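Here the structure comes first, spelled out in structure tokens, and everything after it is commentary.
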Ligand code: F3S
């Protein structure tokens, strides 16, 4: 792979041992995927933040890197294992909290913005169309590639950190035009009424297309929240990192769909998916915000519960930035009065909810996919409206 003189210096250790180690990792990755060169990245999102996922070995690795290295570009984090301020309210134990705080401290030392969210684009890290970035979390990767038209592969924790510290990523995969063409047309015949319907469709299509790129036709409209629900579910049940929607996503008009295989998503497939994802009946808790809730979703929930007490307690997971705005405009008060909590920095999958609940209700296809395996939960999968009414 061609390296610029600056990149050679990084590799040769002129900027220290950690930078050299990070550059070696990127060069190896680039060699595996036949990248011809490195490209600068505008921003990074690093995964592997929750103590539940990375454990003591991960913490040690990060503390070691933090002794020497600083990030070069705007870098955000994926959700941590707890609300970094109100972890006691979540029922998190002291030992877990201590380790999680140490992980965050290591990231802070590297100059990373402590914004632990899977929706960085709603919290101050918004790339532009065609900009190269190195993001990790699969739903954020899908949103950035598909809805914004930025360019990122799905980075692992170490390769994202290496991109943050060097400012570069190898140019392969979804950074290249030729790899952004669709492989299959999805004709949408079902009426999609809620973002949970989009999530259900995403779950179904992800399983069908695996890591291929789908091109959707027949979707009349999709809000930002619908798109994030769709992409998150497709990335979870399959490994879809980019999708196009005719008339809606920016690259849909630039790609060719001639001769592609077609699949249909209709009323029956929608029902079949709801049936499949519902594995429990009486939830202990309802948790919204997978991917992290937008301000608009919190406003909708606050309206639905205003002046009521819900039958089940509920949490809304979101970014710290959105939680602060919600607090400022009085939404948290309405939500608390109804029996809910706004939880920042974490989510139902990466926090240890298996120690707290057995059945969790969600409106997210991605959460419904991961909760049984990651958190030993039975799942109730319904729309926001149905969960808050039922
Ligand atoms: Fe985000 Fe957690 Fe869902 S990281 S996409 S809220 S599983």
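Results, tabulated for the structure shown:
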read-out: Some residue of segment 87-96 being under 19 Å from residue 152 (Cα atoms) and either in the same structural domain as residue 138 (by TED's automatic domain parsing) or within 16 Å of the ligand (Cβ to nearest atom) (or both); value: no
read-out: Qualifying positions in segment 359-372 - away from the ligand (no atom under 12 Å from the Cβ) and surrounded by fewer than 22 Cβ atoms within 10 Å (Cβ to Cβ); value: 359, 372
read-out: Any chance residue 63 is surrounded by fewer than 17 Cβ atoms within 10 Å (Cβ to Cβ), more than 24 Å from the chain's Cα centre (by Cα) and part of a helix (DSSP H, G or I); value: yes
read-out: Any hit, segment 56-71, residues being in the same structural domain as residue 167 (by TED's automatic domain parsing) and closer than 21 Å to residue 153 by Cα; value: yes
read-out: Single residue of 55, 124 found to be in a loop (DSSP other than H, G, I, E, B) and at positive phi; value: 124
read-out: Those residues of segment 269-321 which are surrounded by 21 or more Cβ atoms within 10 Å (Cβ to Cβ) and either at positive phi or modelled with pLDDT under 95 (or both), in sequence order; value: 289
read-out: Tally, over segment 332-350, of residues that are under 15 Å from residue 289 (Cα atoms) and more than 9 Å from the ligand (Cβ to nearest atom); value: 8
read-out: In segment 230-252, the residues that are within 15 Å of the ligand (Cβ to nearest atom), outside any helix (DSSP H, G or I) and touching a residue at least 60 places away in the same chain (Cβ under 8 Å); value: 239, 240, 241
read-out: Conditions (1) within 11 Å of the ligand (Cβ to nearest atom); (2) in a strand (DSSP E or B); (3) within 24 Å of residue 192 (Cβ to Cβ): number failed by residue 379; value: (1)
read-out: Identity of the residue in segment 138-157, in contact with a strand residue (DSSP E or B) (Cβ under 6 Å, 6 or more places away or on another chain) and outside any helix (DSSP H, G or I), that ends up surrounded by the most Cβ atoms within 10 Å (Cβ to Cβ); value: 152
read-out: Unmet criterion (only one of (1) outside any helix (DSSP H, G or I); (2) under 19 Å from residue 388 (Cβ atoms)) for residue 350; value: (2)
read-out: Any hit, segment 223-244, residues being at pLDDT 95 or above, in the same structural domain as residue 258 (by TED's automatic domain parsing) and on the phi > 0 side of the Ramachandran plot; value: no
read-out: Unmet requirement for residue 18, which otherwise passes all of (1) more than 24 Å from the chain's Cα centre (by Cα); (2) surrounded by fewer than 14 Cβ atoms within 10 Å (Cβ to Cβ); value: (2)
read-out: Top-ranked residue of segment 108-120 - restricted to ones that are buried (at least 18 other Cβ atoms within 10 Å of the Cβ) and within 16 Å of the ligand (Cβ to nearest atom), ranked as nearest to residue 55 (Cα to Cα); value: 116
read-out: Selection count where residues are in a loop (DSSP other than H, G, I, E, B) and either over 19 Å from residue 356 (Cα atoms) or in the same structural domain as residue 121 (by TED's automatic domain parsing) (or both), scope segment 282-309; value: 8
read-out: When residues of segment 316-325 are limited to those that are free of Cβ contacts under 8 Å to residues at least 60 places away in the same chain and in contact with a strand residue (DSSP E or B) (Cβ under 7 Å, 6 or more places away or on another chain), the one nearest to the ligand (Cβ to nearest atom); value: 316
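Residue-by-condition table, conditions (1) crowded, with 19+ Cβ neighbours inside 10 Å; (2) within 16 Å of the ligand (Cβ to nearest atom):
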| site | (1), (2) |
| --- | --- |
| 130 | no, no |
| 136 | yes, yes |
| 173 | no, no |
| 188 | yes, no |
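The values are calculated or read from the model by the stated rules, or taken from the named source; none is laboratory data. The shown structure was predicted, so the numbers you read here are calculated from the model rather than taken from an experiment. Don't worry about glycine lacking a Cβ; one is built from the backbone with ideal geometry, like all the others, and counts go over all protein chains shown.
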